[in-house]
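The values are calculated or read from the model by the stated rules, or taken from the named source; none is laboratory data. Just so it is clear, the structure is predicted and the values come from calculations on it, not from any experiment. Cβ placement follows ideal geometry from the backbone for every residue including glycine, while neighbour counts extend to all protein chains displayed. What goes into the accessible areas is simple: the full protein's heavy atoms, side chains included, and nothing from ligands, DNA or RNA. Shrake-Rupley method; radii C 1.70, N 1.55, O 1.52, S 1.80 Å.
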Amino acid sequence: MHHQSSKLFVGLSRLLSFTCLYFPDLEIRDNARIYLRIVQSPRISHDPKKSRSISSRMHLERAVPLLVKQSWFLSLSTLGFDAKKPSYIEPIKDNVSPSEQNEFDKITDVTVISESNRHNQPPEPLRVMDSKISQIVEILRKHFSFIPDSRHMPGLKIKIPCAFRFESEPFSRIWGINMPANGVDTLPALYATKLKFSSSAPYGSIPSCHIPFLLGQPPKSFYSFSQTNSLDIIPVEDVSEIPGDDKSFKAPVLIELEPQDPMPGLVDVSIETNTDNGLIIIGQLHNITVGIEDMFLKAIVPEDIPEDAVRGYYVDLFNALWEACGASTSTGRETFVLKGGKGVAAISGTRSVKLLEVPMASLIQAVERSLAPFVVCVTGDPLTNLLKEGGVIRYIAWDEVNLGSSSTDDTIAETSLVGGPLYLKYTDDEDEGGGIVQINKKNLGTIQILIFLPPRFHLLFQMEASDTSTLVRIRTDHWPCLAYVDDYLEALFC
């Protein structure tokens with residue numbers, strides 16, 4: 001356990017060696033032999049060639065592969081302020097009263113507009129808050145009050161399950177360990193393995209992982225045909241018992257990240273471990289890729305919301321965030337107090353659209369496979385019936401209405417905002433509607449998806465489905481994530 005201080009155990013090592021040889025009790029001698037492997041004087045490997053080959057013999061792999069094979073990452077300048085905090089993120093501000101803010105400005109030499117110069121500034125528009133906006137602000141205030149302020153308390157974490165394994169035959173050949181003639185109990189093993197993680201991405205301090213003991217994966221030639229007849233029929237439920245595929249040759253590893261910015265990145269992995277012959281191996285393994293989908297979390301449910309009211313709360317929260325992230329500035333100047341009451345955050349929304357030319361069946365399969373936990377509402381009788389039959393998406397709000405076609409008002413509003421296609425008439429008798437590009441001939445339903453991006457952001461999808469295509473309307477309060485959303489949506493249907 002204490003690799004760097006093993007010299008402290010020289011005396012204990014001699015005592016254990018004497019016990020292994022001369023103590024009359026066989027069980028104690030066996031136990032002493034086990035402890036001797038841990039505390040014996042270490043031999044640390046510094047062979048550069050062997051160290052470079054570690055990553056080809058020892059493998060740390062994701063339990064769930066990423067949909068998007070990310071080969072690039074968005075890197076934005078911090079504009080010389082704080083290299084640890086991206087400048088494109090709206091910072092969390094302290095929740096202070098106006099009088100306290102004036103004192104703070106004096107102390108920190110912040111430029112304050114004088115009263116005489118204030119008259120020369122353009123007047124600020126008056127805020128008129130109707131009942132609808134007031135309800136939206138109330139919902140958002142409650143939501144943000146349960147989001148941890150990562151400056152003063154632990155933030156929300158994401159977890160990436162992985163598995164660690166190593167190959168017995170090449171490992172033994174490189175590190176000078178004799179492979180046994182037969183018997184799984186004599187395969188090479190690793191003791192007191194420590195995996196350390198680091199990243200240049202803003203993921204905070206990443207806890208290390210400790211693996212007490214792991215056997216190497218036996219080679220395929222290790223088992224003779226006499227042990228397993230090649231013509232035997234193996235039931236499907238017994239596939240895990242096939243030699244070499246046993247989970248006992250893999251150690252579960254959980255990588256915990258605390259993102260300060262919900263962006264993809266790489267996690268560097270280093271290893272320190274002990275072998276059977278007392279050798280300590282130190283080296284680097286292959287990186288673990290963190291994708292945008294790793295950042296997807298369910299929104300926090302307030303403690304005072306009853307279980308039977310959760311689905312309604314999610315619908316209200318989706319609608320409130322959808323409005324706040326839209327073009328309307330009615331909530332743009334509002335700030336929301338975070339958990340702990342020391343910091344406040346604001347919403348700066350943006351939006352986008354994407355047309356997916358996929359059939360209805362592919363849409364349902366992709367949503368059920370990858371986005372089911374984040375679905376908050378489904379509208380439209382045809383789409384509702386199909387999703388209910390699947391049985392994967394449950395405990396959400398179902399709005400079984402026959403939409404027929406998409407709402408004219410919504411379509412006109414969205415098209416005008418995103419810059420819909422223009423059409424010039426060449427003849428006076430040309431049909432007024434003949435030149436309009438019909439994206440959806442018939443809207444069979446809509447799927448609303450609410451995704452929380454730690455530490456405090458949101459990604460909203462409104463998928464308007466038809467027989468042959470789906471129009472995805474996207475809104476978010478973290479615009480850099482849009483750089484990855486297109487690739488993610490396309491990968492859903494690959």
Checklist entry - Ordering Asp308, Asp268 by how much accessible area each has at a 1.4 Å probe, largest first, what is the list? => result Asp308, Asp268
Checklist outcome for this item: Using the Kirkwood formula on alpha carbons, the hydrodynamic radius of the stretch 442-482 in angstrom works out to 11.1 Å
Item to check | Where Asp399, Asp261 fall by accessible area, highest first, once all protein chains stay in place (1.4 Å) | outcome: Asp399, Asp261
Checklist outcome for this item: With every protein chain kept in place and a 1.4 Å probe, the stretch 355-395 has an accessible area per residue in Å² of 47 Å²
Item to check | Segments 381-387, 449-455 sorted - mean Cβ within 10 Å per residue, highest first | outcome: 449-455, 381-387
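Given charges of +1 on the Cβ of Lys and Arg and -1 on the Cβ of Asp and Glu, with all other atoms neutral, how large is the dipole of the stretch 351-401 about its Cα centre, in debye to the nearest 20?
260 debye
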Item to check | Ranked order, Lys250, Lys220 - accessible area, probe 1.4 Å, largest first | outcome: Lys220, Lys250
Checklist entry - Leu12 versus Asp399, label points 7 Å from Cα toward the beta carbon: distance in nm? => result 6.6 nm
Checklist entry - Given the pairs Lys157/Lys342; Lys159/Lys196; Lys132/Lys442; Lys132/Lys388; Lys250/Lys298; Lys69/Lys388, which are separated by over 23 angstrom at their Cα positions? => result Lys132/Lys442; Lys132/Lys388; Lys250/Lys298; Lys69/Lys388
